[in-house]
Amino acid sequence: MLVTLLIDVVRSLVFLVGVLTGFAYVTLLERRLLARFQVRVGPDRVGPLGLLQPLADGIKLIFKENFVPAGADPLVYQTAPLISAVAALFVYAVIPLAPPIHLFGREIPLYVADVNVAILLVLGASSVGVYGIILGGWASNNKYAILGGLRSSAQVISYELTLGLAVLGVVLLANSLRLTDIVRAQSHVWFIVQQPLAFVLFMIAAFAETNRAPFDLPESEQELIAGFQTEYGGFKFAMFYLAEYIGIITMGALVTTLFLGGWQGPWLPPIVWFLVKVLAVVCFFILVRATLPRLRYDQLMRLGWKVLIPLGILNLAVTAALIVWRSAR
């Protein structure tokens with residue numbers, strides 16, 4: 001019992017440290033790739049090739065002045081970034097990186113928990129993160145901040161439906177809500193081949209879920225200064241960005257798990273395949289940010305409610321009909 005508990009604690013710490021390290025270097029990757037796309041020089045002064053820039057940024061943000069705006073609700077103002085960060089980290093409890101490995105005579109799964117309703121847990125946890133944004137905007141006592149928080153809530157409501165409809169097509173094909181079962185169901189054909197429309201819908205909704213360009217309306221600087229995080233600085237500001245960038249990695253992990261076969265692939269070790277696929281999705285997020293302009297808010301909502309949700313319902317209906325037809329043959 002004690003050994004099992006120790007293994008679980010160590011495994012959780014490895015996941016936590018790995019995700020936080022990944023967050024730090026995704027920020028550097030984005031800055032370097034955006035610089036390359038825009039023909040300029042990115043961070044390259046702190047450490048070899050600028051590899052210590054995330055550490056320098058973290059130290060700077062930790063030691064910046066900690067303030068609470070006049071008229072703000074101190075407790076909610078301080079708690080809101082923590083809600084977003086914890087919700088983003090919680091998802092990694094159920095995402096499988098690779099099949100179990102055998103070490104010291106024990107089978108050690110490369111996931112914290114194999115939950116039979118894992119995909120529901122992921123969708124639920126990702127939805128909780130928006131509460132941090134809403135509360136942060138409201139507690140700041142700033143009209144631009146509260147408008148950014150309200151935009152984020154409306155955005156999540158509309159695009160969470162699209163995300164769920166895209167996932168349901170995959171769940172029907174895998175006949176399971178367990179993420180490990182979904183990966184194993186793709187042993188012959190990845191679901192991106194069987195569910196191309198669901199993949200496109202999921203990717204579009206993932207951009208909106210993570211408030212990434214071209215859907216970064218809750219913090220649009222030309223309208224709302226910086227939206228929900230206008231009154232935040234220092235480490236609390238960093239925690240909102242931690243939630244955003246971990247959300248990008250999370251969406252990369254979910255796209256890999258649901259549509260790209262998870263850890264499966266030839267020649268390379270399973271965990272390497274998983275990380276390579278996640279990195280490719282993250283780079284695509286960065287490429288889209290550098291390429292597409294921000295939408296207007298009415299265009300964003302029209303796309304969600306009038307285009308993506310009907311397409312998601314259509315895809316789900318066709319998938320269900322095909323499954324019934326195959327089973328009847």
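Some points to look at:
- Per-residue HN-Hα couplings for segment 53-68 [Karplus 6.51, -1.76, 1.60; θ = phi - 60°; Hz; x = Gly/Pro]: 4, x, 5, 5, 5, x, 4, 4, 5, 5, 9, 6, 4, 9, 10, 10
- Entry for segment 1-143 at q = 0.20 Å⁻¹: log10 I(q)/I(0) = -1.19, Debye formula applied to identical alpha-carbon scatterers, no solvent contribution.
- Segment 31-188: relative contact order as a whole-number percent, Cα under 8 Å and 6+ apart: 20
- Gyration tensor (alpha-carbon) shape descriptor, segment 98-173, a/c threshold 1.5: oblate
- Order by protection proxy (mean Cβ within 10 Å, highest first), peptides 134-144, 46-56, 281-291, 167-177: 134-144, 167-177, 281-291, 46-56
- Inter-part distance where segment 140-185 and segment 259-329 are each reduced to a Cα centre, Å: 12
- Rg over Rh for segment 182-282 works out to 1.10, using Cα positions for both radii and the Kirkwood form for Rh.
- Computed on segment 49-121, with alpha-carbon pairs under 8 angstrom and 6+ residues apart, the relative contact order is 19 percent.
- Taking amide hydrogens as placed 1.01 Å from N in the peptide plane, the amide H of Ile101 sits under 5 Å from those of Ile108, Leu110, each at least 5 positions away in sequence or on another chain.
- Ratio of the Cα radius of gyration of the chain to 2.2 N^0.38 Å, where N counts its residues: 1.03
- Across segment 67-328, the relative contact order, built from alpha-carbon pairs under 8 Å that are at least six residues apart, equals 24 percent.
- Rg ratio for segment 226-269: its Cα radius of gyration over 2.2 N^0.38 Å, N being its residue count, equals 1.75.
Computed from the coordinates by the stated procedures, all read-outs in this text should not be read as laboratory data. All values derive from a computational prediction rather than experimental measurement. As a convention, Cβ positions derive from the backbone with ideal geometry for all residues, glycine included, and neighbour counts pool all protein chains shown.
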